[in-house]
Every structure is written in structure tokens, then in C-alpha cells.
Amino acid sequence: MSETTTRVVLVTGANRGIGRAIAEAFVAQGDTVATIYRSGDLPHGVHGYVGDVTSTTDIDAAFTRIEADLGPVTVLVANAGITRDQLLMRMSDEEFDQVVDVNLTGAFRCARRASKGMIKARNGRIIFISSVVGLYGGPGQVNYSASKAGLVGMARSITRELGSRSITANVVAPGFINTDMTQALPEATQKTYKSSIPAGRFAEPHEVAAAVQFLASEQAGYISGAVIPVDGGLGMGH
Ligand code: NDP
């Protein structure tokens, strides 16, 4: 078997939405795919490890089990994320902290643990799922936007720290994707957003998966610290 068919890919939150589509794409490609997830059912062929990205204990334990069961993780896709939208003036410390804890610190916990095996293997791909909102901003999303912008600094610092060991760290910044997260938006809001997207539509989760797969590929070995938008032109490349 070639290197690409034996590598272990870990996607957080593969039970639904974008994470599910990413996991399915890697399975279809022949990779061994694991997920750390909280609930729900998983796509066919994905190895599930229950855990919450807000718990260092859960993450470290899940990685240890994945390594024992499947081998070292060489591709990490930090996808799990939440929103707790609120206007700045009304946003509580809890709403701010919860979002940062899942979206930013959760990604950090996974990247830190994944880096151990990647450094040993002198090979690795770290991909953070950010958002167009991270660099574009969004009213009512001070917490979410700050957490997603933070992933850019994280990827670039990892790139500087681990780049010489054939480890890349990149950010994919989706625009509006048809998942539970966007279905929760009122119809009028969805219409307003659509009118400002040059592509004139929301995307499907598999369109994000395609960008992730490319960044995880052998061919993308010289791309690191980059932000790849998948947003129909909304952010104009930031
Ligand atoms: P969904 O709300 O459909 O799914 C979110 C996923 O994250 C679920 O699997 C959820 O698990 C998981 N998750 C949330 N909190 C935790 C936690 N503490 N521990 C483990 N898993 C957790 O969202 P999307 O699929 O739309 O979003 C996926 C990523 O893409 C997120 O990071 C999001 O911010 C980002 N994104 C989404 C966009 C969109 O338009 N949909 C646009 C830009 C970025 P559970 O099912 O158990 O809740």
C-alpha cells in the first residue's frame, strides 16, 4: 500500500455537517479515518472515539486510543465548532468563553497532541476549519469571529515552529455552507447573506471537503500558513 492509503486522518465532529463530509471524502479516498465526536451516528467506515474538544483529558485519551488502534495521526482536521451569537453589549463572559473554548482552545488541544506523533514521523498536515467571519467580521459574532481569527495566528505560529519537519498548518475559511449551523439562521437573514455572495448561493459541505483534501495531500507539501477561502467570493480572498 502507498503512504497515502495507510495514513490516519482525524476529523473532529464528523457526525454531521462539514466534518461529516470531510470524513466521508477521506474514506472514499482510501484513508483510515477517525473522529473525536460527542454524539450522533457516524459515516460508514469512520472509527469513532467519544470525546469533547473542551476536555484535554478526553482529547489526550482519544489520541492515545487512536494511535493504539490505528496508528499515528498524520492528518488533523480541527472542525468542531459552535456559535453563540449575541450583540457585543449583551454578550456574557460565558458566551464568549464557551465559543473560544470549543473553536480555538479545542483546536489547540488537538494540534498540541497531534504534533507529538507528527514530529516523530517528520510528517504532518494540520488543517483548521475557520470561517469567512474570522477575517470579515460579523455583527453579533464577536466571540465566534475572534475564535476563528485566532486559528490563523495558530496555524502561522505552528508553521514557523514545525515547518522544517515537513509539517504544514493551514486554515480553510468557509463562507456559508448548507448545514445545521446555517439552517438555524432566519430565512430573511439567509436571503440577505445570499445577495452579498458573488456566487449567489450557499455551498454544500463537500465543497469544503475538497479544499481540505487538497491541503492534506502530498502535492500541498509547500503550502503552509495559508488561509484558503471556500466562500463563493464573499471575502474576496481576504
Ligand atoms: P454543525 O453545527 O453542523 O456541526 C458542528 C460539529 O461540531 C458537530 O459535529 C458538533 O457535535 C461538533 N462539536 C461542537 N462542539 C463540540 C465539542 N465541544 N466537542 C466535540 N465536538 C463538538 O456545524 P458545521 O458543520 O456547519 O460547522 C463545522 C465547522 O465549520 C465549524 O467549526 C464551523 O464554525 C465552521 N464553519 C461553518 C460554516 C457554515 O456555514 N456552516 C461557515 C464557516 C465555518 P454535536 O453534533 O455533538 O453537537
Under unit Cβ charges (Lys, Arg +1; Asp, Glu -1), what dipole magnitude, rounded to 20 debye, does segment 112-162 have relative to its Cα centre?
360
Options 56, 21, 88, ranked by Cα towards positive dipole end of segment 1-107, top entry (Cβ charges):
21
Within segment 111-238: Cβ-based charge dipole about Cα centre, in debye rounded to nearest 20 (Lys, Arg +1; Asp, Glu -1):
640
In segment 100-238, what is the count of Lys pairs whose alpha carbons are under 30 Å apart, counting only pairs at least 8 residues apart or on separate chains?
4
Hey, got a sec? Which trypsin sites (Lys or Arg not before Pro) in segment 180-237 land in a DSSP loop and have at most 14 other Cβ atoms within 10 Å?
201
Taking the chain as the reference, fit the longest principal axis to its C-alpha atoms, fit the long axis of helix 56-69 to the helix C-alpha atoms, and give the angle between the two in degrees, 0 to 90, nearest 10.
40
Hey, what does the equivalent ellipsoid look like for the chain, semi-axes from the Cα gyration tensor as sqrt of 5 times each eigenvalue, largest first, whole Å?
28, 19, 18
Report the relative contact order of segment 125-187, percent, no decimals, based on alpha-carbon pairs under 8 angstrom and at least 6 residues apart.
43
Return the ratio Rg/(2.2 N^0.38 Å) for segment 92-134, where Rg is computed over Cα atoms only.
1.45
Chymotrypsin sites (Phe, Trp or Tyr not before Pro), restricted to segment 135-238: which are DSSP loop and have at most 12 other Cβ atoms within 10 Å?
222
Which percent of the accessible area of the chain is formed by carbon and sulfur heavy atoms (probe 1.4 angstrom)?
53
Based on the alpha-carbon gyration tensor of segment 137-182 and its eigenvalue square roots a ≥ b ≥ c, which shape applies: rounded if a/c is under 1.5, prolate if not and a/b is larger than b/c, or oblate?
oblate
Summed side-chain charge close to residue 58 - residues other than residue 58 whose Cβ falls under 12 Å, Lys, Arg +1, Asp, Glu -1:
+2
Packing-based ranking, highest mean first, of 154-160, 104-110, 116-122, 180-186 given that Cβ atoms within 10 Å are counted:
104-110, 154-160, 116-122, 180-186
For the chain, longest principal axis from Cα atoms; helix 142-162 axis from its Cα atoms; angle between them, nearest 10 degrees, is 30
Does anyone have the angle between helix 106-121 and the longest principal axis of the chain? Alpha-carbon axes, 0 to 90°, nearest 10?
30
Residue-normalised accessible area of segment 108-203, given per residue in Å² at a 1.4 Å probe:
46
How much length, in nm to one decimal, is gained on full extension between residue 60 and residue 97, taken as 0.36 nm per residue of separation minus their Cα-Cα distance?
11.2 nm
Charges only on Cβ, +1 for Lys and Arg, -1 for Asp and Glu: so what's the dipole of the chain about the Cα centre, in debye to the nearest 20?
560
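The values are calculated or read from the model by the stated rules, or taken from the named source; none is laboratory data. Please read these numbers as outputs of a predicted model, since none were measured by experiment. No Cβ is skipped: glycine too gets one built from the backbone with ideal geometry, and neighbour counts run over all protein chains shown. Ligands, DNA and RNA are stripped out before the accessible areas are found, and what is left, the full protein with its side chains, is counted by its heavy atoms. Shrake-Rupley method; radii C 1.70, N 1.55, O 1.52, S 1.80 Å.
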